[in-house]
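Structure first, commentary second.
Just so it is clear, none of the values below were taken in a lab; they were calculated from the coordinates. Here the structure is a predicted model, which means the values were calculated and not measured. Please note: Cβ atoms are built from the backbone with ideal geometry, for glycine as well, and neighbour counts cover all protein chains shown.
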Amino acid sequence: MAQLVFYDKDHIYEVDGVKMDSVSEVLRFLSREEYDDINQYKLDNAASRGTEAHTACEVLYQYKKVECSEDVQPYVMAFIQFLKDHKCEFTDIEKPLADTELGIAGTPDFCGTVDGEESIVDLKAQSAIKKTLVKSQLNAYSHLRIVNGKPAPVRLYCLQLLATGKYRFYPVAIDDTEFRACLALHKALKTKHERGVIN
């Protein structure tokens, strides 16, 4: 059976030693469009905060308690309120998945049931949601779940955790149009052309 390994430090996925392209890499066309005009320092800070918030929420859900910095505490409080407002039974949290046929891999945030329906929830600890990018990410994760024999999600959600301690919960369309378009561009740019020919 093929073995998927994820190297968190370099964000590299490998299946039996063969590198898979990450969902983030496949969707770089959208990411660049959305984030190119934002200062790199702000992006780095937001990424660091997002990672810390994700980890804190994961630990909280699994162990019912967590220690975190003051900066991240409001996001955790928002997550706690979300769990109070919705019945969640997550079976897979931050579990890497791969599609060896397409050569891609990714890690959905929270997978399981929300209010009794099979769902994928993507956490965002940021003030503005890049909706098209989020839609593409979630549909890519849905694809990875299905090809790995996991229950097909009937709901996709973006959970936006806010610095105010509140949250917004967005339903996301099950529609992989943008994901497939990015995947087609990604594959096209990897095409090897014969010498003297553009095919």
State, to one decimal in nm, how far the label point of I174 lies from the label point of Y61, with both points 7 Å from Cα in the Cβ direction.
-> 1.9
When you count, for each residue, the other Cβ atoms within 10 Å and take the mean per peptide, how do 3-12, 70-79, 131-140 rank with the highest first?
-> 131-140, 70-79, 3-12
Once normalised by the length of the range 24-187, the mean sequence separation of its alpha carbon contacts under 8 Å that are 6 or more apart gives a contact order in percent of 24
Give me the number: length gained by fully extending K87 to S127, i.e. 0.36 nm times residue separation minus the C-alpha to C-alpha distance, one decimal in nm.
-> 11.9 nm
Which pairs, out of K166/K190; K87/K187; K19/K130, put more than 32 Å between their alpha-carbon atoms?
-> K166/K190; K87/K187
Choose one answer from R168, R145, R155: the residue with the largest mean-square fluctuation in a GNM of the chain with alpha-carbon springs under 10 Å.
-> R168
